[in-house]
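Colleague: Attaching a single structure in structure tokens format; questions to follow.
A short reminder: the numbers here are calculations on the coordinates, not readings from a lab. Values in this document were obtained by computation on a predicted structure and should not be read as measured data. As a convention, Cβ positions derive from the backbone with ideal geometry for all residues, glycine included, and neighbour counts pool all protein chains shown.
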Amino acid sequence: MGAPRPAEAAPVRSFRLSASRVAPEQLGADLLNESKQPRKPISRAQIERVVSRAVGGVGLIFALQTYPAMLGQLDSLKPGLGVAVTVAIFGGLGVAVIATLVKKFIRSTSGLFAVLYLAALIAWPAMLSAPEDTLDGKPWLWYLCTVATSCAAVSFSLWWAMIYTLVAPIVYGIVRVLPAGGGAEPMLGALDALYAILLGQVVLIIITMLRQATAAVDTAQTNALTTYSAAVRQHATEVERVQVDSIVHDSVLAALLSAAAAGTPKSAELAATMAQEAITRLNEAGSLPAADDNMVPFSDLKDRIRAIAGRFDEPIDYIDCDAENISLPAHAAEALYSASAQAIVNSIQHAGAPGDAVARSVRMNTNLLGGCVIEIVDSGVGFDPAAVPNERLGLRISIRERVATAGGIVHVQSGGGQGTSILIEWPLSESGEDA
């Protein structure tokens with residue numbers, strides 16, 4: 001009467017487990033939802049910062065180069081208007097350079113300087129104090145033409161930047177052949193305009209190519225993170241399913257089978273013990289985190305396997321080694337213990353009829369990878385591993401997938417009348433393949 005009662009409580013606990021152990025799946029869902037949110041483009045932001053600072057540095061150098069020419073032509077401009085334009089151009093450029101240093105308002109300040117420069121070019125003929133006189137040399141605005149087209153490339157969209165890099169040099173070429181621009185030959189003005197156009201277009205092409213390349217990198221990064229998050233969620237869900245299925249199979253079904261087959265007081269006591277252990281394990285699984293990174297000595301794992309095997313009447317030989325310095329993560333130790341216990345239970349139940357002379361042994365040793373191997377061998381009737389149906393969860397879920405989830409592998413060797421060997425190896429070696 002003691003065996004059925006614990007067995008009845010086990011399904012209730014398993015339902016609570018499925019409702020409470022949502023941490024891995026919830027983690028995957030959080031990652032997936034995060035990947036759907038707009039991510040800050042890391043590569044694009046970096047290249048924008050580098051480009052803007054490069055343009056700011058070049059602008060500062062050209063401004064220093066322009067300053068002597070500006071002072072030399074300041075007397076040729078109308079007193080109030082010349083000073084106002086000079087302050088506006090150099091002030092706008094200075095603000096744009098400062099913006100690249102503080103990494104704020106870069107596009108707006110660069111666009112403002114480009115607009116001010118184009119306006120100053122257009123108004124240049126009207127700014128001379130004596131419009132009928134010919135200016136001595138090039139207008140000092142010439143030295144900032146490349147800076148203006150570069151600022152337009154940083155600030156404006158592609159098409160507007162292309163238009164600007166054409167319009168600003170053409171306007172300068174027209175001004176250059178006028179008396180206010182030095183009265184240069186039309187060919188010289190056209191060459192200056194062509195030079196400025198080519199230089200501005202080259203800068204624009206370089207910036208555009210860098211932006212497109214980094215945008216592709218950011219897109220690939222976002223897609224990779226989305227795929228990774230989905231894979232994490234899928235893996236977490238699969239881990240949860242394996243854990244729940246294995247616990248239900250190991251704890252509930254094993255307890256029910258033992259209770260149904262209990263024909264002696266010893267068997268009834270064993271069934272009751274297994275049912276009580278099922279309840280304990282389900283409670284622990286529902287309250288502990290899914291991934292426990294605490295380390296467990298290998299000797300403790302061996303003691304637990306000896307203890308579970310010692311509950312059966314059938315004799316089992318033990319072959320182990322001294323490995324006091326070997327430790328395993330708690331989740332891996334729990335997976336190896338549960339898989340070993342299930343393999344022992346399977347051997348007791350299926351290797352032969354009660355009373356048959358079946359030799360059983362458990363070998364526990366270390367491997368070259370700093371992990372361990374556990375082998376459960378019997379000389380029973382054996383079976384064909386390939387013929388095990390999918391609905392039989394003991395070998396597939398409780399042993400194979402549970403160990404695989406912990407990073408190990410299970411090798412099964414068996415055949416009709418040849419006995420069974422289940423070798424559990426952790427961690428998985430590079431050349432290890434499931435047999």
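Colleague: So for the pair residue 191, residue 411, with labels modelled 7 Å out along Cα→Cβ, what separation do we get in nm?
Modeller: 8.2
Colleague: On full extension of the chain, what length is gained from residue 61 through residue 126, given 0.36 nm per residue of separation minus the C-alpha to C-alpha distance?
Modeller: Taking 0.36 nm per residue and subtracting the Cα distance, the gain is 20.6 nm.
Colleague: So, one more: Using DSSP to define loop residues, name the trypsin sites (Lys or Arg not before Pro) in segment 168-236 whose beta-carbon has at most 10 other beta-carbon atoms within 10 Å.
Modeller: Answer in residue order: no site qualifies.
Colleague: By how many nm would the segment from residue 307 to residue 227 grow when fully extended, if each residue of separation counts as 0.36 nm and the alpha-carbon distance is taken off?
Modeller: Length gained, residue 307 through residue 227: 24.4 nm.
Colleague: If you build the Cα gyration tensor of segment 42-184 and take the root of 5 times each eigenvalue, what three semi-axes come out, in whole angstrom, biggest first?
Modeller: 29, 16, 11
Colleague: Could you put 192, 133 in order, starting from the residue whose Cβ has the fewest other Cβ atoms within 10 Å?
Modeller: Arranged by neighbour count, lowest to highest, 192, 133 become 133, 192.
Colleague: If you filter segment 74-135 for trypsin sites (Lys or Arg not before Pro), then keep DSSP loop positions with at most 11 other Cβ within 10 Å, what is left?
Modeller: 104
Colleague: Moving to a separate point now. Report the relative contact order of segment 292-435, percent, no decimals, based on alpha-carbon pairs under 8 angstrom and at least 6 residues apart.
Modeller: 23
Colleague: Here's another thing I want to ask about it. In whole Hz and in residue order, list the ³J(HN,Hα) couplings for segment 401-417 that follow from phi through the Karplus curve 6.51 cos²θ - 1.76 cosθ + 1.60, θ = phi - 60°; x for Gly and Pro.
Modeller: Values per residue, Gly and Pro as x: 5, 5, 5, 4, 4, 7, x, x, 8, 10, 10, 10, 10, 6, x, x, x Hz.
Colleague: Then there's this: For residue 328, what residues show an amide H to amide H distance below 5 Å, using hydrogens built from the backbone and excluding near sequence neighbours?
Modeller: 296, 298
Colleague: Rounded to whole Hz and in sequence order, give me ³J(HN,Hα) for segment 213-230 from the Karplus expression 6.51 cos²θ - 1.76 cosθ + 1.60, θ = phi - 60°, writing x for Gly and Pro.
Modeller: Karplus-based 3J(HN,Hα) across segment 213-230 equals 5, 5, 5, 5, 5, 5, 5, 5, 5, 5, 5, 5, 5, 5, 5, 5, 5, 5 Hz.
Colleague: Among residues other than residue 414 whose Cβ falls under 12 Å from its Cβ, what is the net charge (Lys/Arg +1, Asp/Glu -1)?
Modeller: Taking every other residue near residue 414 into account, the sum is -2.
Colleague: With each label point set 7 Å from Cα along the Cα-Cβ vector, what nm distance links residue 167 and residue 359?
Modeller: So the label points at residue 167 and residue 359 sit 9.6 nm apart.
Colleague: With r as the distance between the Cβ atoms of residue 49 and residue 78 and R0 = 56 Å, compute the FRET efficiency 1/(1 + (r/R0)^6) and round to 0.05.
Modeller: With R0 = 56 Å, the Cβ-Cβ based efficiency is 0.90.
Colleague: In addition: Hey, any idea what the orientation-averaged projected area of the convex hull of segment 292-435's Cα atoms comes to, in nm²?
Modeller: Over all viewing directions, segment 292-435 projects a mean Cα-hull area of 8.5 nm².
Colleague: Then there's this: Could you tell me the center-to-center distance, by alpha carbons, between segment 173-192 and segment 89-112 in angstrom?
Modeller: 30
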